[in-house]
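Since the structure comes first, as structure tokens, the remarks are kept for the end.
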Amino acid sequence: MAVDVHEPIEVSAVFVRGRLKPVSFMWSRRHHKISEITGVYKYSAGTSACYGYTVRSGDDLYEISLNTGEMAWRLERIHGCESGV
Amino acid sequence: MSPAFRGHLCAPPRPVSRTAVRTVIHVDMDAYFASVEQRDLPIYRKKPLLVCHTDDLSSYRGIVAAASYEAREFGVKSGTSVLEAKLKLPHAAYIAGNYEKYLHNTRLLMQICEKYTDCLEVYSIDEAFLDITATAHFFGSPRDTAVRLQAEVAKKLRLTCSVGVGPNKLVAKMASELKKPFGLTVIEPEDLPGIFAPLPVDSIPGVGRRMRRHLDAIGIRTIGQLAEAPSGLMREKFGVIGEILHKAAFGIDDSPVVPSYKGMEVKSFGQSLSLGKGSADVEYLCDVLLGLCDGATRRMRKAGYLGRTVAVYICLGRLFDLSRRTGLGCYTDLPGRVHDVAKDLLLRERASLDVYPATKVGVSVTNLAKREDGQQTTVFDVLDEKEAAVAAVVDRLKNRYGEKAVTRCSLIGIRNRYKGAPRAEIGIF
Ligand SMILES: [Mg+2]
């Protein structure tokens, strides 16, 4: 099951060998530790380069995005949310 | 040119005469959108997954854009309505398509394909033709080339594709359909009759339900029977399409692999859209053309080009290509004028559309001049001051907020007016 969210979130990320790797995020007043990045893609929104990440936290998968023009992260969608979203 | 391809340049490419037997590869990703999602979202692996083209997943509106192989076992495939899919598979996973993600993967796929030839035609979001006539010997044989390409796609994208190899695009495409998923089929010209003869006529790309019924009525059910039919009868019954079909039964197809050259001088700006099973609705096709004219002229304005010839391309049933062009009378980069002319060209082909629906339409503007090369003020810039002003505002909005930020009222909901299975077609990366 997928749930659309599309909300701004705060993300902690590190650079690893020239790549940006999100490690955790805050959403709904909860801290979510990212255990795995299962997919990454690049796209553009206007003149800004954006990155879409699919990450695992707990049992759920989260689609988060980074707009490099605005330097803003968003939580777009949650998959397999048993956590009562 | 890719590094891998460049690495082989110590051996000169074999000269290829115009009459030489061609070797064409057709690459077709397997259950593309669904496979990308199953790769990135492991919870959907080995389960029926339906990627839908809809504005509301909780509703019964929209169509299935891609079905995983697990879902196909239940008779749900791309083009099935969401309503029908939910009746057949109420417990499957339904997700909305993420086309940015698929386009990203398509770009990576084409980067891999470019290593094997410089003659690469991006045919759709998940299909490409490669003319490897001059380059296959770098990799061994045509089969070796295909094996290597397929393995590289699997390794780098973690996705499978099916590959067909043949003497032309038609045979290569039919070959890739023969074994799926992760199939590899090489058809030599001499093996053609044995392989094709027993296949049903609708194995020929573009032969749909309607044409199958027409052929059935005159006792033609297999490609072998089609090949045996007198060519005069085919011409008499179905006109030009009949001739093309008859040739197709023998595996004859002269259409070239049209490469999308990069880094070369810009010759045209175009955009096209595949329409899945096709549409004969002229009003709808005119609106599709308007969207394509918007897209093509937007890129012209971005790159600073004006053009004065418009060409319309219509693919009838994927077998019969029509291309019509005419002059604009002066240079322009505005969609209104280009659309007026393109619409006229399309309407002239109404009779052909009645016989066979359009499965792909495209528009391109050629005869280009750089705006800075003395074409600052054109007749239409003067005549269409309002349109030029609107276009400038639209460009500014799109530059800032993205290509989807603003659209014409007449194009809102255009996707929902199409009853078949739309597939985004990529013109330029
Ligand atoms: Mg495919």
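The values are calculated or read from the model by the stated rules, or taken from the named source; none is laboratory data. No experiment lies behind these values; they were computed from the predicted model shown. Cβ placement follows ideal geometry from the backbone for every residue including glycine, while neighbour counts extend to all protein chains displayed. Heavy atoms of the whole protein, side chains included, go into the accessibility calculation; ligands, DNA and RNA do not. Shrake-Rupley method; radii C 1.70, N 1.55, O 1.52, S 1.80 Å.
Chain B against chain A buries an accessible area of about 1300 Å², both chains summed, 1.4 Å probe radius.
Which of the residue pairs A:LYS42/B:LYS398; B:LYS77/B:LYS343; B:LYS46/B:LYS88 have a Cα-Cα distance greater than 28 Å in the structure shown? Walk me through the numbers on the way to the answer.
On the way: A:LYS42/B:LYS398 18 Å; B:LYS77/B:LYS343 33 Å; B:LYS46/B:LYS88 18 Å.
With Cα atoms farther than 28 Å apart: B:LYS77/B:LYS343.
Basic side chains Lys and Arg get +1 at the Cβ, acidic Asp and Glu get -1 at the Cβ, and with that the dipole of the range B:32-99 about its Cα centre reaches some 200 debye.
Shape analysis of chain A yields a ratio of the Cα radius of gyration to the Kirkwood radius, Rg/Rh, of 0.95. Spherically averaged projected area of the convex hull of Cα atoms, the range B:236-337: 8.7 nm².
Rounded to the nearest 0.05, what FRET efficiency is calculated for B:LEU397 and B:VAL21 with R0 set to 35 Å and r the Cβ-Cβ distance? Walk me through the numbers on the way to the answer.
Details: r = 52 Å, r/R0 = 1.48.
Plugging the Cβ-Cβ distance into 1/(1 + (r/R0)^6) gives 0.10.
Burial annotation for the range B:84-124: residues with an accessible-area loss of at least 30 Å² between the isolated chain and the complete set of protein chains, computed on heavy atoms with a 1.4 Å probe, are B:ASN98, B:GLU100, B:LYS101, B:HIS104.
Computed with a 1.4 Å probe over protein heavy atoms only, the accessible surface of the range A:2-79 comes to 56 Å² per residue. Amide H to amide H distances under 5 Å link A:TRP27 with A:HIS32, where only residues 5 or more positions off or on other chains count and H is placed in the peptide plane. Summed over the residues of the range B:276-345 and divided among them, the accessible surface reaches 34 Å² per residue at a probe radius of 1.4 Å. Expressed as a rounded percentage, what relative contact order does chain B have, with Cα pairs under 8 Å and six or more residues apart? Computed over chain B, the figure is 15 percent.
Rounded if a/c is under 1.5, else prolate if a/b beats b/c, else oblate: with a ≥ b ≥ c from the C-alpha gyration tensor eigenvalues square-rooted, which is the range B:32-99?
oblate
Burial of accessible area (probe 1.4 Å, heavy atoms of protein chains only) in the range A:26-45, relative to its chain alone, reaches at least 30 Å² for A:THR38, A:TYR41, A:LYS42, A:TYR43.
Taken about its Cα centre, the protein assembly as shown carries a charge dipole of about 540 debye when Lys and Arg each add +1 at the Cβ and Asp and Glu each add -1 at the Cβ. Add -39500 (n - 2.57) for each DSSP H run of 4 or more in chain B, then divide by its residues: what number comes out at 222 nm, to the nearest 500 deg cm²/dmol? Counting only the DSSP helices, I get -11500 deg cm²/dmol.
Evaluating kT/(6 pi eta Rh) at 10 °C and 1.306 mPa s, with the Kirkwood radius of the protein assembly as shown over Cα pairs in the Stokes-Einstein relation, gives 64 µm² s⁻¹. Counting only whole DSSP H helices of chain B, the ones at least 27 Å long by C-alpha along their axis and with mean Kyte-Doolittle hydropathy no lower than -1.0 are B:282-303. Expressed as a whole percent, the accessible area of the protein assembly as shown that falls on carbon and sulfur atoms is 53 (1.4 Å probe). Largest first, the three principal axis extents of the alpha carbons in chain B are 63, 57, 52 Å in whole numbers.
Work from the charge dipole of chain B (Cβ charges, +1 for Lys and Arg, -1 for Asp and Glu, about the Cα centre) and give the residue of B:ALA229, B:HIS246, B:ALA151 farthest towards its positive end. Checking the options against the dipole of chain B, the answer is B:ALA151. Shown is the FRET efficiency for A:ASP59 and B:VAL390, computed with R0 = 45 Å from the Cβ-Cβ distance and rounded to the nearest 0.05: 0.35. Relative to the current alpha-carbon distance between B:ARG324 and B:LYS302, full extension at 0.36 nm per residue lengthens the span by 5.4 nm.
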